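Heads up, the thing below is written out as structure tokens.
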Amino acid sequence: MKKPDHVVVFDTTLRDGEQCPGASMGLQEKLQVARQLEKLRVDIIEAGFPAASPGDFEAVKKVAAEIKKCRIAGLARCVKSDIERCAEALKPARNRARIHVFLATSAIHREFKLKKAKDEILRQAVEGVKYARKFCRDVQFSPEDASRTEPDFLAEVVRAVIAAGASTINIPDTVGFTVPQEFRRLLTYLHEQVPELKNVTVHVHCHNDLGLAVANSLAAIECGARGVECTINGIGERAGNCSLEEVVMALKVRADHYGIQTRVKTPELFAASRLVSQLTGMMVQRNKAIVGANAFAHEAGIHQDGMLKHRETYEIMRPEDVGVVTGSDLVLGKHSGRAGFSAHLHRMGLKVSPEQLQGVYEAFIVLADKKKVVYDDDIVELLREYISDIPKVYAIKCLQVSAGNRSIPTATVQIEKGGKVVQDSATGAGPVEAALKTIDRLTGIKGELKSFAMQAVTHGEDALGEASVQVKFGDDLVAAKGSDIDIVMASAKAYINALNRHLFLEKKASQA
Ligand code: MN
């Protein structure tokens with residue numbers, strides 16, 4: 001097997017990323033993300049865990065059928081039925097398929113989770129890899145919790161699974177526990193103990209519990225790793241995974257130091273970040289490296305002065321290198337026709353069916369009527385409502401509020417459920433609370449608003465307001481967004497979106 005001459009980007013937004021609280025995506029949403037990952041030219045898309053649920057199976061299958069420029073991986077435990085499901089879902093990808101089998105190797109996982117001794121773990125890992133090889137030439141093995149595994153046992157497992165046919169070995173820092181110096185030592189030790197590693201590709205999969213996922217991944221690249229497992233915006237279990245945009249740009253900006261890069265088309269990074277944020281409802285913090293709203297904003301006078309004289313005084317990369325458009329991205333207005341609108345969606349990499357197009361176009365005209373200029377971000381917002389396959393069990397038909405410092409904030413809301421329109425009103429501490437309380441009364445489902453944030457999507461006084469909410473329904477924490485020219489309406493939409501998402505997840509969980 002030929003060693004890659006670049007750092008392989010293994011994107012797991014659709015698998016590990018989707019596991020983060022509230023970030024579940026429907027099939028159409030996963031496909032939109034997969035298309036953007038293909039435009040980014042990531043090497044491998046981990047599309048899901050087919051044995052986990054019928055929805056996951058279907059998503060892996062659809063991504064495998066549609067995406068042609070990336071390898072497609074599916075996750076499986078070292079269990080025959082998992083591997084069979086995975087192979088079945090990956091069939092449409094043919095020779096671009098990868099089965100990714102994993103088994104925990106650390107003492108704590110062996111003892112408390114798996115209740116298995118070392119020799120059993122070793123045997124199961126080898127059997128899993130061998131069985132996966134019956135279906136697929138490209139098999140990756142991950143010793144889960146590798147960074148907390150006894151190094152000598154880890155080396156033994158790695159050697160055995162390479163002999164069994166694994167061509168990629170992934171070293172996960174599953175709980176985000178390691179630190180760069182230690183991870184470097186582990187990678188170096190493994191390469192010394194297992195010379196066979198030279199003939200396979202070594203990946204790392206780092207979590208961000210201590211904020212070190214990117215640093216640890218970069219440290220591993222210095223010690224022989226040639227693949228990074230990462231997600232857009234760093235979403236993922238708990239504090240998330242290694243952020244794709246950060247690790248890719250670190251390798252690019254510091255090519256002088258690393259001497260090796262990825263093949264990612266970096267001008268697509270910002271669009272990818274935006275899309276994933278939209279579809280999962282997970283906000284990107286303003287000061288987030290690379291893709292945050294402030295990442296290229298220079299505030300201090302001295303900095304601005306320096307920038308004007310010579311950009312490089314305070315800028316280590318250009319906004320356009322990561323796809324941040326600082327000029328005008330205005331393209332459409334209310335006189336744009338449907339064909340022009342459709343062509344524009346295509347240029348933005350967004351795909352809609354002919355039936356969806358009609359609805360999106362109508363919504364666009366309504367928006368263009370209210371707003372002087374319609375930006376690409378506004379369109380992404382509009383589209384989110386139409387491409388989702390999360391059923392709109394509830395939809396807001398009409399919302400009216402009265403508020404002010406001398407009145408009792410009151411909301412009247414009409415919602416539609418299954419063709420039936422119902423209405424009610426309630427008061428609250430403010431108009432948003434009044435609206436949400438009214439919705440609770442109408443649906444009979446009590447949500448607990450855990451977080452609420454409002455931001456302008458684009459520029460100007462008539463910008464769309466985007467509400468991001470996290471709502472708790474029972475034990476289920478759901479994130480969602482909603483946007484509108486009216487901020488109370490945006491909040492109500494976000495809340496209803498969270499509710500619909502909750503109902504969808506509940507159904508999905510009952511099928512799993
Ligand atoms: Mn993980």
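Just to be sure, is G74 within 16 Å of the ligand (Cβ to nearest atom), over 20 Å from T280 (Cβ atoms) and either touching a residue at least 24 places away in the same chain (Cβ under 8 Å) or surrounded by fewer than 24 Cβ atoms within 10 Å (Cβ to Cβ) (or both)?
yes
Anything in segment 470-512 that is aliphatic (A, V, I, L, M), over 16 Å from I390 (Cα atoms) and buried (at least 17 other Cβ atoms within 10 Å of the Cβ)? List them, or say none.
Passing the criteria: V471, I487, V488, M489, A490, A492.
Which residues, taken from segment 61-91, are in contact with a strand residue (DSSP E or B) (Cβ under 9 Å, 6 or more places away or on another chain), under 14 Å from F135 (Cβ atoms) and in a helix (DSSP H, G or I)?
Within segment 61-91, A64, D82, I83, E84, R85, C86, A87, A89, L90, K91 meet the criteria.
Please determine, by comparing only the residues of segment 231-245 that are charged (D, E, K, R) and surrounded by fewer than 24 Cβ atoms within 10 Å (Cβ to Cβ), which one is nearest to D16 (Cα to Cα). Before the answer, list the steps.
Our first condition is that a residue be charged (D, E, K, R); within segment 231-245, this holds for 237-238, 245.
Narrowing the set further to residues that are surrounded by fewer than 24 Cβ atoms within 10 Å (Cβ to Cβ) leaves 237-238.
Numbers: E237: 6, R238: 10 Å.
Out of the qualifying residues, it is E237.
Quick check: anything in segment 435-443 of a type in the set (K, R) and within 12 Å of Y495 (Cβ to Cβ)?
Checked against the condition, which is being of a type in the set (K, R) and within 12 Å of Y495 (Cβ to Cβ), segment 435-443 yields at least one hit.
Within segment 173-206, which residues are under 24 Å from the mean Cα position of the chain (by Cα) and within 16 Å of the ligand (Cβ to nearest atom)?
Narrowing segment 173-206 to residues under 24 Å from the mean Cα position of the chain (by Cα): 173-178, 202-206.
Selection gives D173, T174, V175, G176, F177, T178, H203, V204, H205, C206.
Does V421 count as part of a strand (DSSP E or B) and touching a residue at least 60 places away in the same chain (Cβ under 8 Å)?
no
Looking at segment 256-272, can you tell me whether even one residue there is open to solvent by less than 10 Å² (accessible area, probe 1.4 Å), within 16 Å of the ligand (Cβ to nearest atom) and of a type in the set (G, A, S)?
For segment 256-272, residues open to solvent by less than 10 Å² (accessible area, probe 1.4 Å), within 16 Å of the ligand (Cβ to nearest atom) and of a type in the set (G, A, S): absent.
Based on what the data block shows, is R133 within 18 Å of H205 (Cβ to Cβ), within 31 Å of the chain's Cα centre (by Cα) and surrounded by fewer than 23 Cβ atoms within 10 Å (Cβ to Cβ)?
Criteria not met by R133.
Which of the residues belonging to segment 349-379 are under 22 Å from the mean Cα position of the chain (by Cα) and over 13 Å from L332 (Cα atoms)?
Listed by number, the residues that qualify are G349, L350, K351, V352.
Looking for whichever is open to solvent by less than 20 Å² (accessible area, probe 1.4 Å) and more than 16 Å from the ligand (Cβ to nearest atom) here; the options are V248, V228. Which one fits?
So the residue among V248, V228 that is open to solvent by less than 20 Å² (accessible area, probe 1.4 Å) and more than 16 Å from the ligand (Cβ to nearest atom) is V248.
How many residues does segment 1-32 contain that are among the acidic types (D, E), open to solvent by 10 Å² or more (accessible area, probe 1.4 Å) and touching a strand residue (DSSP E or B) at 6+ places or on another chain (Cβ under 9 Å)?
Qualifying residue count for the region: 1.
From the list A467, A411, A453, A429, which residue is out of contact with any Asp or Glu (no Cβ under 8 Å at 6 or more places or on another chain), among the hydrophobic types (A, V, I, L, M, F, W, C) and open to solvent by 60 Å² or more (accessible area, probe 1.4 Å)?
A429
Which condition breaks for A51 when tested against (1) open to solvent by less than 10 Å² (accessible area, probe 1.4 Å); (2) free of Cβ contacts under 8 Å to residues at least 40 places away in the same chain?
(1)
Give the residues of segment 122-171 that are touching a His at 6+ places or on another chain (Cβ under 9 Å) and without any contact (Cβ under 8 Å) to a residue 40 or more places away in the chain, sorted by residue number.
I169
Here is a yes/no grid of residues against (1) out of contact with any Ser or Thr (no Cβ under 9 Å at 6 or more places or on another chain); (2) modelled with pLDDT under 80; (3) outside the structural domain of V488 (by TED's automatic domain parsing):
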position	(1), (2), (3)
D377	no, yes, yes
A403	no, no, no
V413	no, no, no
D424	no, no, no
V432	no, no, no
T438	no, no, no
I445	yes, no, no
A456	yes, no, no
H459	yes, yes, no
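Could you tell me how many of the residues in segment 63-83 are more than 24 Å from R123 (Cβ to Cβ) and touching a helix residue (DSSP H, G or I) at 6+ places or on another chain (Cβ under 6 Å)?
8
Got a number for residues in segment 356-379 being hydrophobic (A, V, I, L, M, F, W, C) and open to solvent by less than 20 Å² (accessible area, probe 1.4 Å)? First the steps, then the outcome.
Kept after step one, since they are hydrophobic (A, V, I, L, M, F, W, C), are these residues of segment 356-379: 357, 360, 363-368, 373-374, 379.
Of the ones still in play, those that are also open to solvent by less than 20 Å² (accessible area, probe 1.4 Å) are 360, 364, 367-368, 374, 379.
Count: 6.
Suppose we filter A272, A297 for residues that are among the aliphatic types (A, V, I, L, M) and assigned to a helix (DSSP H, G or I); which single one remains?
A272
Return a yes/no flag: does segment 437-449 have any residue that is in a strand (DSSP E or B) and free of Cβ contacts under 8 Å to residues at least 40 places away in the same chain.
yes
Can you name the number of the only condition in (1) in a loop (DSSP other than H, G, I, E, B); (2) over 16 Å from A89 (Cα atoms) that A51 fails?
All conditions are met except number (2).
Just to verify a result, which residue in segment 1-48, among those that are within 16 Å of the ligand (Cβ to nearest atom) and in a strand (DSSP E or B), is farthest from L499 (Cα to Cα)?
V9
The values are calculated or read from the model by the stated rules, or taken from the named source; none is laboratory data. Note that the coordinates shown come from a computational prediction; the quantities given were computed from them, not determined experimentally. Every residue, glycine among them, receives a Cβ derived from its backbone with ideal geometry; neighbour counts consider all protein chains shown. To get the accessible areas, we keep the full protein, side chains included, count just its heavy atoms, and leave off ligands, DNA and RNA. Shrake-Rupley method; radii C 1.70, N 1.55, O 1.52, S 1.80 Å.
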